[in-house]
Amino acid sequence: MRRFTNQTVLVTGGTGGQGTSHVRALHAEGANVVIGAINADRGAALADELGDRAFYTHLDVTDEDSWSAAVRATESTFGALHVLVNNAGVQNPPAPIEETDQTTWSRILDVNLTGTFLGIKAAAPALRRATGGAIVNIASTMGMGGTAHYAPYVASKWAVRGLTQTAALELGRDRIRVNTIHPGVIATPFIHEPAAGATAAIADFYSPEPFAVPRLGEPIDVTRLLLFLASSEASFITGSEYVIDGGLLLGPALQAA
Ligand SMILES: NC(=O)c1ccc[n+]([C@@H]2O[C@H](COP(=O)([O-])OP(=O)(O)OC[C@H]3O[C@@H](n4cnc5c(N)ncnc54)[C@H](O)[C@@H]3O)[C@@H](O)[C@H]2O)c1
């Protein structure tokens, strides 16, 4: 039996690099998938490709009404919502704090932090109606420490950790688990395309070569962890954080000469 048979999963940013991987794998594991995204063409194409048990719904994670509509559409199409993946995210153009304007700060916090808050808020009643489920928040290794020139992104992802732990405490007795994944550097448009307002992409100045596993992460690396955390195999895990970074946070794997 596949791990998500008769389960419905909503993935935000479901047309992005990691989101697409999550959506495809969850669908292959038997889930009904709801592709929540702001790119209608890509969302519709992915839903068409998957066929049965998949649909695209417009979901701007910064908009509470958009969340209500997406959860409503999910329940009316598939009868229930069992898993929410808060995956949508944006990065700031790199700049020191003194040169970061408030508009940029707010835009990043709105998507990465407020979007996750609104998602938990909108999904919790539906997950309760389904008699339990899971929420997986996608943060970042940048939320585990400071990174120069990424203050809005770091602050937003760091805050998701506190939000996850608080939600885990509030929802645990309703059999709703809430966990966070911290990806390292994953090969998606996120690192291969410059952030809005930037000229260089992360991949232009980052090399995985010094680290323990000297390669970029692939979306499927994160997906495999997500499948575990979202499934009943992880029924005793809540409020936890999982780093998946090939050893990036350990620092350079210097070898004795
Ligand atoms: N790629 C990496 O190296 C990396 C590392 C750590 C964490 N992450 C996180 O992983 C998640 C997925 O990123 P990815 O690598 O797939 O990048 P991506 O840029 O391919 O995907 C991000 C998705 O978020 C969507 N999005 C942006 N604003 C939105 C909004 N207001 N409402 C709904 N969707 C919105 C985009 O349309 C896009 O589809 C993000 O939360 C990102 O912060 C990425």
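None of the figures in this text is laboratory data; all of them are computed from the coordinates on show. Keep in mind the model is a prediction, meaning the values are calculated, not measured. Here the Cβ positions follow ideal geometry from the backbone for every residue, glycine too, while neighbour counts run over all protein chains shown.
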Under a plain spin-label model, where a point goes 7 Å from the Cα along Cα-to-Cβ, how far apart in nm are Arg2 and His149? 4.3
Express in % the proportion of alpha carbon pairs of the range 171-222 at distances exceeding 16 Å. 56
Rough spin-label spacing in nm, given labels placed 7 Å along Cα→Cβ, for Ser68 and Glu233: 3.8
List the extent of the Cα atoms of the range 8-246 along each of their three principal axes, largest first, rounded to whole Å. 47, 38, 37
One finds, for Ala257 and Ile220 with R0 = 35 angstrom and r their Cβ-Cβ distance, a FRET efficiency to the nearest 0.05 of 0.45
Sort out for me the Cα centre separation of the range 45-112 from the range 134-197, rounded to whole Å. 14
Across bins of 5 angstrom width beginning at 0, how are the C-alpha pair distances of the range 139-248 distributed, in whole percent? 2, 11, 18, 22, 20, 13, 8, 4, 2, 0
Hey, if you drop one equal point scatterer on each alpha-carbon of the range 206-257 and run the Debye formula without solvent, what base-10 log of I(q)/I(0) do you get at q = 0.22, 0.24 Å⁻¹? -0.85, -0.92
Just the Kirkwood number for the range 79-119, please: inverse of mean 1/r across all distinct Cα pairs, in Å, one decimal. 11.8
Modelled label-to-label distance, His58 and Thr199, 7 Å Cα→beta-carbon offset: nm? 3.6
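Give the order of Thr180, Thr114 when sorted by the count of other beta carbons within 10 angstrom, beginning with the fewest. Write out the running numbers ahead of the final one.
On the way: Thr180 26, Thr114 18.
Placing the least packed residue first, the sequence is Thr114, Thr180.
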Going from the fewest other Cβ atoms within 10 Å to the most, one would list Ser76, Ser232 as Ser76, Ser232
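If you take every DSSP beta bridge whose two residues both sit in the range 8-246, what share of them, in percent to the nearest 5, is antiparallel? Write down the numbers at each step before the final one.
Details: 0 of 28 bridges.
Approximately 0 percent, going by the DSSP bridge assignments.
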